Every structure is written in C-alpha cells, then in structure tokens.
Amino acid sequence: MKEQDLRLEYQQAARNWEEVLPLGNGSLGAMVWGGAEKEIIGLNQETLWSGYVRDKNDPAVLNYLPEVRRLLLAEKYEEAQQMTEKHLLGEYGESYLPFGNLVLTFPNQTTQKYTRFLDLATAIAKVESGQDQDKLTREYFVSYPHDALFIKITGQQFQCAIAFESKLNPQVRYTPNKIQITGQCPEHVDPNYIPTRPESFIQGTKGQHYTGEIAIYTTDGQVEVMDNQLFVTKASTLVLQVSLIRPAKNTKEQTYEAIKQAHMADYQALFATVAIGFGQKVALPTDQRLARLKTGAQDPSLYALYFQYGRYLLIASSREGSLPANLQGIWSWEVRAPWSSNWTTNINLPMNYWLAQTCHLEACLPPYFDWLKKLVVEGKKTARINYGMQGFVAHHNVDYWMNTNPVGRPFGKKAGETGSAMWAMWPMGGLWLSQELFRHYQYHLDEKFLKETAYPILKEACLFILDWLVEIDGTYHSLPSTSPENRFQVTKDSPPCAVTKDSALDLQLIEELFINFTKTCQILKLNDSLLQSITQVQARLAKVQIGQKGQILEWDKEFIESEPGHRHFSHLYGLFPGENFDSDETLITASKVSLEERLNGEFAHHTTGWSCAWIINFYSILQDKTNTGKYLKKMLVDSTLDNLWGVHPPFQIDANFGGTAGIANALVNERLGQLNLLPALPDFLPNGYVKGLRLTGKRTIDLSWEDGKLTTYQIYLMSTD
C-alpha cells in the first residue's frame, strides 16, 4: 500500500488550548501542550458535568400552546413569539467540565532539536527536546482496552516534578507513588454565552462526586513527595498511568510495551479500514503547510491528512460504551465550556456522525444509538407533560442529564427573564437524530438492528408527530415552527421573529420520517396500526414552497430574511443529509438557487467551520467540483486551526467530521440507487486513491485516478460486519 500522510508535526509547543494534540479513547480525553520545560496535559472525562438529576419538564406549557397556535394562525408573529419565550421554554442545560491539568516540570530542559507530533497511524503523540545527554523523549497515548492515559518519559538521569491542578478545587493527596484526586462537581454552571452573574457558578452540595488517580506505573528513578508534587530524580525511564472516574483495567503485570501494543492493535482495527492519498507529502510542519495554503500554494496531501484526522477524532471521541461525541468531541478546557460542550441536535450532533458509515467507522456508532435509546425514555416524558402528546420529543440542546424540553431560559427562570425561541422552540430534534437509524440499516442490512433498535424509536417519533401536526382545511401543518437559529421579518420595519408554521426543515424531516418508518415496516413485514394514519397524513402534509426567485422558502411564506447569509442551511435538508429532493428536479434546481442566494449574502465573511462543511457536502451531491473545491479550500484556509481542529470559532469538532464526510462524498456517493464515482473531485486533487470506503448493501469500494480521470475501481461484498 502507498505511504499515507498521517502525521501532524510541529517545531514548537502549543501556545494555547487550540494548538494542543488531542488524544482519547471515547471516554477519557487528553490534550498535550508539549512544553519542553513545563508540560501541561489537559484532562477530560466524558461524564464530568455540572448539575444533578432534575425534572425540567413543565406541565404549564400545555396551557399556553393553544394560544400560541391561535396567534400564529392570525399571523400575529411577534405576540406568538413573546408568549413562546415567556411560557414554553425551560432552563438552559448544564456544562461539560474539565477534569484538570497534569503538569510535568523538567528543570533546565532546552528546546534544542524540538519536535512534537501526533501519529494518526498509531494514535500516539510524541515530544522530543534537547540533544545528546540532555535529550528527553515523551510518548503519550490513551488506551481503550485499559481505559487510561499512559505517558512514557525517557532520557539520561533526568528530573521530573509531577503535579495536578484544577479549576474545580478538588482534594488532592500526594503519596510516594501516586496522586489521588477526589472532588464534587458544581450544582450549576451557566452556558458561556450568558453574561456572568451570581448564578453562573453554584457549587452547592448536590453535584456528582468524582475521583481520579495519577500513578507512577514504573520508574528506575527515586521518588519523593515535595511541595505538593511528586519529584522524580536520577531517572532514565518513567511511566505514568492516569485514570479518571473509573479505575484502569487489564494492566496487572503488563509491561508498558505490552500495553502499548494492545492499544495500537485495538485502534488500528478501526483506523486502518480506510487508506487515502492525494500525492506526495510536503516535508514541512503542519502549521507551516496550512500557512502556505493561505498564500495559494498547492498541497494536495494536506487534504488527505485532514480527511484521516476526522476519522481519528471520531475514534478518539466515540467508542462502544462511551457517550456520543459532543460539540468539542471530548476535549474541553473551560468550566463554562463553549456552548456548554453539549449535544446540539439541529445540525451539530448529526453532522458528527455523517462520516461514520461512508468512512468505515460503524464501530463508532453504538454510543450514538445507545444514547438515543435513553433519550427516547426522557423525550416521552416531555411529550406527555409539556404537550400532552404521545411518542418522544427532543429539542435543540441535550446535556448529560438528558433534558429533552425546550432549553432557552437562564437558570432559575426569574420573573422578567425570557429565552430565545429562535433556537429553543424546535421540537424536531428527535426526528433528525432518528434518521441515522434507517441509514444504518441501508449500509448493513441488519434486520435485527432494524427490528430491535430502529423500529421502536422511529415509531415513537411518528407517534409524536401525528399528535403534533394540526389539521387546517384538510392540510396538516407544524406549528409553532422555527428554522433553527434563523429569523424573518414581515416587513423591513418589523422586528425579527423566529416563530411561524411549516418551516421547510420541519416538513422535510416529517416526510423523511414517514418514508423511513413505512420502509421499515415493509422490510420487517409488520402491519403496524400507525401505517394507515401515516399514509393519510403524509398525503395531506403541507408542502415545501418555492419563492419568486426560484428558491426553497425557509418558512411558510416569502418573508424578508433577517440574515441573508445565515450559517444554517436548514431549508436544504432534503438535498443533504436527506435525499428527498433527489426525485424532484424542481426542488434540486430550487436548492441550487437557495444555495447561491445564501452564499451571495453575508456568508463570505463567515468562518463557521461546520457550515462550510455542509456546503462541501451540498456541492458534492450536486456534482459541482468547482464549488466543492472552493469550499474545501476555504475550510482549511479560514476555518481550521494549526492543530487541524475546526472552528466556529472557537473550536467545534463538527467541522472536522463534516469536512471528512464531504471529501468522501466528493470521491464516491450514492443517490437514488446510483453509484457516482469522482462526482465532485476538485481540480487541485488530480491524482490519488482511496481504499475501503463503505457503500450501502454491505459493500466497500477502492478507487484510483490520474489527471482527474478514474483509472481503476473495485467493489467488494463484505461477508460480515
């Protein structure tokens, strides 16, 4: 197999959190700064959250929903929005917390011959500094089989001080061979976008307790406790083992080398399923390669590295037994994390898993499906209590405590404090999340999964929608309805509003849900009693509208767009990730117009990475190689940090996952049962190959090309998954 470009390399330590090298096993995350004299490793554990179990559902919502609907039908949008924001919204969710920092100090260590790198082939990071007798080598990995971070330091008679620091102020106990950490999470932490106030951080006594341990696994040096640190002297080797929340496992009587080999074998079983190359690697550090790209230099291989980095990050943040990847994957360094590092359902969480099927990482999907099963349980409570309806519902944000109510008001819900309906009043999160279920079946043809996992969840989503829709003059409508985080104006002088009826996204999600549920029943040969109701409602569901410019209307009327270049493309869901527009050339044409309208607005000034990733996927599906290349290049130039993390800003991991999916779709995609090879290959990637991409029907594909022309391809039927 041809050599791949699989190493992020740097000639200096990280200068801030957004230059670190991320490591993870799905649950435990580590961020390596790589300082020569002072090393900081930021630590995360996915279950460390503020808050505690609380029922945030509100039966009073049911009293106001009919009036909100009446106001909307009377086209009194501002009044309907005010009532929604005052009476229908619940409190914001809680925050994902940083565990703390492991700090290693190496007295008098120099930065001579310094290098820092992350090897995607092995999921191992290394830092080397100094030379001759002063040379120090540090090696880091987070093992899934052992559920621990391991750090090996080698040199000649070196000294190392080991300490722990945390903004959560835990109890820290130092003994001659370990550091033991115990603490309690705060009861509440506000999202970072709320201005600081007394309630922004409440320690209290109801938060969850946690523990952690930093142990000296082995060393030939001398160890003593000094000044709240472990001090190691006269060492040529030192191995540390870090476990958080849960104890390390499978390490008894295991050598470091055996643990490392087990880690690599486990990781490579997932990562090595796909290989890719776009030409010879440029022999420069990664940050310099990015800088060259911004000057117009060509570096095709950098896009292959970026593609594989997205796959690496999903493996590192989503493994069986873990939670699904959140807004920052599993890496967060602030107590008030960006957007609380929660799960945002109106694009971000679904985008995190766009690459999982096509890029042969189905092993990373169990966290998503397991979490969704638990969400259904909570969502049924919200549907019943808040809306008096059957089935399950979820809104735009979910935290560790599985809140499924519309979250949009500050903690405490004080009189006079209202939230914002433009993001909170969106009860379609459960529908979007459910769509991955049938897609999984399409790739794996697993009827057991379809029957035991997909069918029950799809049915609960259908039950809710059948109750949610309102029949008016023989047509079924969704209301109140919003298009995620966007607003409209009735006239240029009227205030922006978000709440109306029949957003294009609502209608497309409902249509796709009904189609997927019907197909599921057909495959399983189930004569479900819901099918008759679904068939009747589907036939009379309100339709997506086309405007005077030939564009898809985002709402039920041709309102004035408050932000013509808005970052969300919710009204184009049916183009991607959905497929319902494929069979209607009118909608495909209207989608192109809508895309052009939005991109000709203010979008050119945006650096929102996930939005750019969505555009790459749109143009890949439209087989437009010019615009696919334009926005793929924009992604790396405008929306990618030196450590290749995507930015909103700040760092948000969905851009990486969506970008990798976009590259895959540019090389191979399937629409309406048709396989498209190199449908949107950018001109700056004229030569290359890819092996192991997945197709529907339990198949994989390898292909290669030269001068932009397909040279070979092979399709393989997988005997097992």
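See the values below:
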| read-out | value |
| --- | --- |
| At most 12 other Cβ within 10 Å, DSSP loop - chymotrypsin sites (Phe, Trp or Tyr not before Pro), region 249-283 | none |
| Cα-centred dipole magnitude for region 366-473, charges only on beta-carbon of K, R (+1) and D, E (-1), debye, nearest 20 | 360 |
| Region 274-418 - charge dipole about Cα centre, Lys and Arg +1 at Cβ, Asp and Glu -1, debye rounded to 20 | 280 |
| Rg/Rg_ref, region 99-203, where Rg_ref = 2.2 N^0.38 Å and atoms are Cα | 1.43 |
| Stokes-Einstein D in µm²/s, Kirkwood radius over Cα pairs - region 102-145 at 10 °C with 1.306 mPa s viscosity | 135 |
| Rh by Kirkwood over Cα pairs, then Stokes-Einstein D for region 372-416 at 1.567 mPa s and 4 °C, µm²/s | 116 |
| Highest average packing first - 554-562, 335-343, Cβ atoms within 10 Å | 335-343, 554-562 |
| Distant-in-sequence amide H partners of G329 (H built 1.01 Å from N, under 5 Å) | I653 |
| Cα gyration tensor of region 587-650 - equivalent ellipsoid semi-axes, whole Å, descending | 22, 13, 9 |
| Across K126/K625; K135/K260; K492/K634; K152/K249; K2/K135; K459/K501, pairs whose alpha-carbon gap is larger than 28 Å | K126/K625; K492/K634; K2/K135 |
| Contact order normalised by residue count of the chain, Cα under 8 Å, 6+ apart, percent | 14 |
| Share antiparallel - DSSP beta bridges, the chain, percent rounded to 5 | 95 |
| Principal-axis tilt of helix 609-621 within the chain, Cα atoms, nearest 10 degrees | 60 |
| All aspartates and glutamates inside 17 Å of K56 as judged from Cα atoms, apart from same-chain residues fewer than 8 positions distant | E85, E91, E94, E187, D190, E378, D399, E417 |
| At R0 = 41 Å, FRET efficiency that the Cβ-Cβ distance of E558 and K381 yields, to 0.05 | 0.60 |
| Å³ per residue enclosed by the Cα convex hull of region 1-128 | 221 |
| Calculated log₁₀ intensity ratio I(q)/I(0) where the Debye formula runs over C-alpha points of region 437-548, q = 0.15, 0.20 Å⁻¹ | -0.73, -1.06 |
| Euclidean distance between Cα centres, region 158-232 to region 429-502, Å | 43 |
| Likely footprinting exposure, Y52, Y400, fewest C-beta neighbours within 10 Å first | Y52, Y400 |
| Relative contact order of region 1-137, defined on C-alpha pairs under 8 angstrom at six or more residues apart (%) | 30 |
| Longest to shortest principal axis, alpha-carbon extents of region 359-509, angstrom | 54, 41, 34 |
| Farthest positive-ward along region 348-475 dipole, Cα basis, beta-carbon charges - from A363, F411, F449 | F411 |
| Relative contact order %, region 127-244, counting alpha carbon pairs below 8 Å whose residues are six or more apart | 29 |
| In nm, spacing of pseudo-spin labels at V637 and L62 (7 Å Cα→C-beta vector) | 5.6 |
| Cα Rg over Rh - region 633-721, Kirkwood | 1.04 |
| Candidates per GluC sites (Glu not before Pro) in region 306-391, loop by DSSP, up to 14 other Cβ within 10 Å | E320 |
| Aspartates and glutamates with Cα under 15 Å of K234, excluding same-chain neighbours fewer than 8 positions away | D134, D220, E224 |
| FRET efficiency for D707 and L677, using Cβ-Cβ distance with R0 set to 22 Å, rounded to 0.05 | 0.90 |
| Per residue Cα convex hull volume in Å³ - calculated over region 526-616 | 131 |
| Calculated FRET value between K451 and I194, using beta carbons and R₀ = 45 Å, to 0.05 | 0.55 |
| Potential lengthening between S719 and N250 on full extension [0.36 nm per residue; Cα-Cα distance subtracted] | 165.7 nm |
| Farthest toward positive dipole pole in the chain [+1 Lys/Arg, -1 Asp/Glu at C-beta], among Y400, C497, P350 | Y400 |
| Cα-based radius of gyration of region 301-430 once divided by 2.2 N^0.38 Å, which approximates compact folds | 1.18 |
| Interatomic Cα distance distribution for region 141-270, bins of 10 angstrom, percent | 11, 32, 29, 19, 8, 0 |
| Cα extents of region 282-347 along the three principal axes, largest first (Å) | 39, 27, 23 |
| In degrees, nearest ten, helix 504-524 long axis to first principal axis of the chain (Cα) | 80 |
| Degrees separating the helix 61-73 axis from the principal Cα axis of the chain, which is the longest one | 60 |
| D (Stokes-Einstein, µm²/s), Kirkwood Cα radius, the chain, 0.890 mPa s at 25 °C | 92 |
| Cubic angstrom per residue, convex hull over Cα atoms of region 228-308 | 233 |
| Long-range HN-HN contacts of G90 with modeled amide H, under 5 Å | V407, G408, R409 |
| Table column - 3J(HN,Hα) (Hz), region 203-219, Karplus curve with 6.51, -1.76, 1.60, x for Gly and Pro | 5, x, 10, 9, x, 6, 8, 8, 9, x, 8, 10, 10, 7, 6, 6, 6 |
| Given charges at beta-carbon only (K, R positive; D, E negative), |dipole| of the chain in Debye | 680 |
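FYI, it's all coordinate maths here, none of it is from the lab. Computed from a predicted structure; not experimentally measured. We place every Cβ from the backbone using ideal geometry, glycine too, and count neighbours over all the protein chains shown.
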